[in-house]
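The values are calculated or read from the model by the stated rules, or taken from the named source; none is laboratory data. Keep in mind the model is a prediction, meaning the values are calculated, not measured. Neighbour counts run over all protein chains shown; Cβ positions are idealised from the backbone, glycine included. Areas reflect the complete protein model, heavy atoms only, side chains present, ligands, DNA and RNA absent. Shrake-Rupley method; radii C 1.70, N 1.55, O 1.52, S 1.80 Å.
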Amino acid sequence: MMMGLLAFESNQGLWNSGYYSQLFGIGGVMVTVAILWLSTGYFGGIGAPFSPYFWPYLGQLPKKKERKRPVRVYMDGCFDLMHYGHANALRQAKLLGDQLVVGVVSDEEIVANKGPPVLSMEERLTLVSGLKWVDEVIPNAPYEITEEFMNTLFNKYNIDYIIHGDDPCLLPDGTDAYALAKKVGRYKQIKRTEGVSSTDIVGRILLTFKQKEAGSMETTTDANQNTGATCDKVKSQLSNFLPTSRRIMQFSNGQAPSPGARVVYIDGAFDLFHAGHVEILRSARQLGDFLLVGVHDDQAIRDRRGYRPIMHLHERTLSVLACRYVDEVIIGAPWEVSRDMITTFNISLVVHGTVTEGSSVVGIDPYAVPKSMGIFQTITSTKPITTVSVATRIIDNHEAYKKRNLKKKASEDRYYTQKKFVSGD
């Protein structure tokens, strides 16, 4: 037997012989049995580690991938008079994790810490849930991150980090609402969106509208026609937002409709973006595969409604783009829907809601062309909310909101006086 093995090792002519095949078969079985016995105790229950000769090759074996738990982040807010600043804050928060949970502060907590809210809890929940970056919503969240609520976030909702902007959030006693989260090392900060706040919007409304009349709002004199102190006050309430192409790209889906997609078109001012807007956009999206939204420019709105919008074109565009039901926006869309526009965007259906702001221009039907083509449809507005009705709530409680604004304006002035550059947005 030994001579045969020596012959096998020295004589390559035996490589393909039947003798080699027999040896290979017998030897292969013996080697396999030996490895199993030494490494796993397969026979007899006595195990031993692999020979060091095999260790370098263990890294080449396929490893079972461990499924990591998604990082869940939490951000809260009042989200009263929802605007693109809120949307951008939540967009930034989502970038810090995989799932974004949003707490909407209760009406009672807002009254105690800031003053009366303009929008109801139901309306604020609709607005927050309608944002494309939000995965889950917690209603009636506390204004302060207490130890009890923080433990609820960590244990019940599996929150990894609590997020807030770089602007201070102080309780009535002057303490930091997020002090505990910072203390335990579970706090992360994002950059505040400049140029807008709910306080700023309330100021714009109070200055722009002076009284409510039979379903319409009468505006104050145009800022360009004012002089002296009045002109300075009007200018102080104009938007300080500086629009950039990068911000629009951050909000945009960046996708075109797929071939053969049913494109639905709806247009409007979408001023003071509210729950009624979210619901009509949801209904419109359900009628097709791709929702295209036309946002009218400031001058077109003023020419037809008799008053300028509270939010300017780029602010309104961002609010619409942030909505999860919107796929694309036409910025400064024409008032009348033309045949050329329908062809250009391959529009299959043009829709309009039953609740509208109204127009001071009579005799002009902006939807005459799609109606003649048989592609126009009126859809029911599920919420009877308009920009004017939201503004009226503030005007009817003028003194309460004026007091609230004075309180908030002082803290905002301090923020802008002391603010420093914060990277990232």
Task: 1 or more residues of a type outside the set (D, E) and touching a His at 6+ places or on another chain (Cβ under 8 Å): qualifying strands (runs of 3 or more DSSP E) within the range 113-192 - done: 187-190
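Would you check if there is a residue in the range 313-320 being in contact with a Lys or Arg (Cβ under 9 Å, 6 or more places away or on another chain) and under 25 Å from A256 (Cβ atoms)?
yes
To keep it simple, each residue is scored yes or no on (1) of a type in the set (S, T, Y); (2) modelled with pLDDT of 90 or more; (3) surrounded by 18 or more Cβ atoms within 10 Å (Cβ to Cβ).
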| site | (1), (2), (3) |
| --- | --- |
| N151 | no, yes, no |
| I162 | no, yes, yes |
| D166 | no, no, no |
| I190 | no, yes, yes |
| D200 | no, no, yes |
Open item on the list: Quick check on this structure: which one of L321, L292, L349, L287 is within 20 Å of the chain's Cα centre (by Cα), more than 23 Å from L81 (Cα to Cα) and in contact (Cβ under 8 Å) with a residue 24 or more places away in the chain?
Closed with: L292
Open item on the list: Going residue by residue through the range 235-248, is there one that turns out to be open to solvent by less than 60 Å² (accessible area, probe 1.4 Å), part of a loop (DSSP other than H, G, I, E, B) and modelled with pLDDT of 90 or more?
Closed with: no
Task: Among residues of the range 113-147, those that are open to solvent by 40 Å² or more (accessible area, probe 1.4 Å) and farther than 19 Å from R72 by Cβ, counted - done: 9
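Against the condition at pLDDT 80 or above and either open to solvent by 20 Å² or more (accessible area, probe 1.4 Å) or over 26 Å from the mean Cα position of the chain (by Cα) (or both), how does D365 come out, does it pass?
Here the answer is yes, as D365 does meet what is asked.
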